[in-house]
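Below you'll find the structure, written out as structure tokens, and then a few comments.
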Amino acid sequence: MLTLTEVADDPLLLTRRLALNDASEVVFRPLVRTDADRLAEFLAGLSHESRRLSTFDGYGLATAQELCDAIARYDKLRLVLEEVPSGRIVGLLEFSLDLPPGDLARYREAGIRLGPADCRFGPTLADDYQGRGVGTRVFPLVADVARRFGRRRIILWGGVLADNPRAIRFYRKNGFHSVGSFTGADGLRSLDMMLNLDPLPG
């Protein structure tokens with residue numbers, strides 16, 4: 001079973017090259033400490049709508065540097081999609097390996113007890129990479145990462161907004177099922193969704 005320290009020490013453990021549907025390529029890899037400037041460009045380039053659907057505290061260099069400084073320090077694993085050959089970051093994929101009390105309580109109310117075999121996941125793609133089937137191509141790698149960290153189930157980081165039908169279709173297509181809904185502090189309704197992972201072969 002992998003650890004965050006092992007991935008920070010050797011990012012190649014989770015690095016893969018992936019061909020997209022239009023024959024372009026991206027590299028799927030862990031965020032590294034030298035990514036701050038390119039990550040800041042990615043965050044700054046997100047549209048108002050993409051920011052509405054994301055979970056970041058900010059969209060500039062300070063937030064990017066904070067995420068890079070957090071590598072292997074907390075419970076978070078962040079991976080990026082890097083465009084080939086430009087090296088531009090076009091996606092940020094976040095895992096949280098510890099679950100906050102609010103998530104534990106909501107799922108318990110739905111009759112589901114979360115524990116150490118569960119993790120949270122949240123993706124964000126650059127606007128020009130949305131609607132191109134990128135998430136579907138990448139998701140098998142996401143599921144494999146969760147398994148390699150000993151996780152058996154994935155829940156959505158902050159749920160998915162009920163007024164985001166494209167994301168809901170994506171998650172259902174990739175095996176997630178709804179377990180309940182909740183209203184956030186912003187007054188918006190979101191769905192909690194969960195994926196049961198098949199175990200690693202052997």
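The values are calculated or read from the model by the stated rules, or taken from the named source; none is laboratory data. If you're wondering where the values come from, they're calculated on a predicted model, not measured in any experiment. Counting neighbours? That spans all protein chains shown, and the Cβs are built from the backbone with ideal geometry, glycine included. For the accessible areas, the whole protein counts, side chains as well, though only heavy atoms, and no ligand, DNA or RNA atoms are used. Shrake-Rupley method; radii C 1.70, N 1.55, O 1.52, S 1.80 Å.
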Quiz item: Looking at the chain, what % of its DSSP beta bridges pair antiparallel, to the nearest 5?
Solution: 90
Quiz item: Hey, rough spin-label estimate for A72 and R148, points 7 angstrom out along Cα→Cβ, what's it come to in nanometres?
Solution: 1.5
Quiz prompt | Residue of D144, D186, D127 that the Gaussian network model of the chain assigns the largest fluctuation, springs spanning Cα pairs under 10 Å | solution = D186
Quiz prompt | the range 1-64 shape via C-alpha gyration tensor axes, a/c threshold 1.5 | solution = oblate
Quiz item: Spin-label point model (7 Å from Cα, Cβ direction): what's the H48 to L188 distance in nm?
Solution: 1.3
Exercise. Identify which of P123, P165, P30 has the largest mean-square fluctuation in a Gaussian network model of the chain, with springs joining Cα atoms closer than 10 Å.
Key: P165
Quiz item: N21 versus M1, label points 7 Å from Cα toward the beta carbon: distance in nm?
Solution: 3.6
Practice problem: With a 1.4 Å probe and every protein chain kept in, tell me what percent of the accessible surface of the chain is carbon plus sulfur. | Solution: 52
Quiz prompt | Gaussian network model of the chain, Cα within-10 Å springs - most flexible of R169, R106, R152 | solution = R169
Practice problem: Give me the number: length gained by fully extending A162 to L104, i.e. 0.36 nm times residue separation minus the C-alpha to C-alpha distance, one decimal in nm. | Solution: 18.9 nm
Exercise. Would you mind classifying the range 114-202 by shape? Square roots of the alpha carbon gyration tensor eigenvalues, ordered a ≥ b ≥ c; an a/c under 1.5 is rounded, otherwise it is prolate if a/b is larger than b/c and oblate if not.
Key: oblate
Quiz item: How large is the accessible surface per residue of the chain, computed with a 1.4 Å probe and reported in Å² as a whole number?
Solution: 50
